[in-house]
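The values are calculated or read from the model by the stated rules, or taken from the named source; none is laboratory data. If you're wondering where the values come from, they're calculated on a predicted model, not measured in any experiment. For neighbour counting, all protein chains shown are included, and Cβ atoms are generated from backbone atoms with ideal geometry for every residue, glycine included.
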Amino acid sequence: MPAAARKAETEIAENQAQDNYDIMRNHFRVVLEGTNINATSLLTNDYINHFSSIMMLIEMLPIAPDDFMEEIQAWRPLSYQEHLEQSGFREKELAIAAYDHAPRTIRSAFDHVVKSMQELSIHLIGGIRIAMETGQRDDIARLSMEGVPQLRELIDQAAAIVNGETNMHVGNIRSAEPRAEDDSAAQAMVDELFD
């Protein structure tokens with residue numbers, strides 16, 4: 001088969017795939033009416049509760065370290081799907097299916113912020129565990145004071161993406177796609193907490 005014919009077939013297949021994707025996404029937008037799943041992003045804020053809970057525990061830790069440490073140590077990062085499967089969220093199956101059809105640029109931006117929330121949470125928990133084991137109570141307070149605002153900012157970013165309330169506007173969200181320098185900056189922010 002000539003190269004031009006193969007290219008034409010590939011373009012037709014890609015267009016059909018995109019058409020099918022658009023049909024499914026539009027279907028979800030109709031089905032999501034009246035649910036707690038955003039009809040634009042096809043995402044739900046319920047997943048963000050996973051990070052809000054660890055943020056609140058870390059925030060309260062300096063007040064009563066012994067009361068909250070066990071719960072903090074038990075926290076594990078869960079994927080969007082894992083969290084929803086374990087939650088009592090009424091529309092969890094619909095939310096899991098909708099996530100797979102979320103607009104690519106929105107999901108990419110959301111997944112990037114989620115990755116940053118997971119990394120920051122893991123680093124904070126690790127630093128807190130070391131501070132508890134070594135009896136460095138001042139370090140616990142410092143990690144809480146410095147880490148909680150950063151985690152809250154990431155949570156706010158994730159919620160803005162879910163709710164379509166970002167500076168990026170849905171039509172221009174491509175600018176929020178992860179870049180290598182963003183990963184370096186996020187890692188530097190985390191490393192700074194432990195200097």
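Numerical summary
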item: Those residues of the range 81-112 which are of a type outside the set (Phe, Trp, Tyr), touching a helix residue (DSSP H, G or I) at 6+ places or on another chain (Cβ under 6 Å) and under 18 Å from Ala158 (Cα atoms), in sequence order; result: Gln81, His83, Leu84, Ala95, Ile96, Ala98, His101, Thr105, Ile106, Ala109
item: Of all residues in the range 110-167 being more than 21 Å from the chain's Cα centre (by Cα) and acidic (Asp, Glu), the one that is surrounded by the most Cβ atoms within 10 Å (Cβ to Cβ); result: Asp139
item: Filter result for the condition that a residue is modelled with pLDDT of 85 or more, buried (at least 18 other Cβ atoms within 10 Å of the Cβ) and over 29 Å from Val148 (Cβ atoms), over Leu61, Leu94; result: Leu94
item: Wholly enclosed helices (runs of 4 or more DSSP H) of the range 97-195 bearing at least 1 residues at pLDDT below 65; result: 180-193
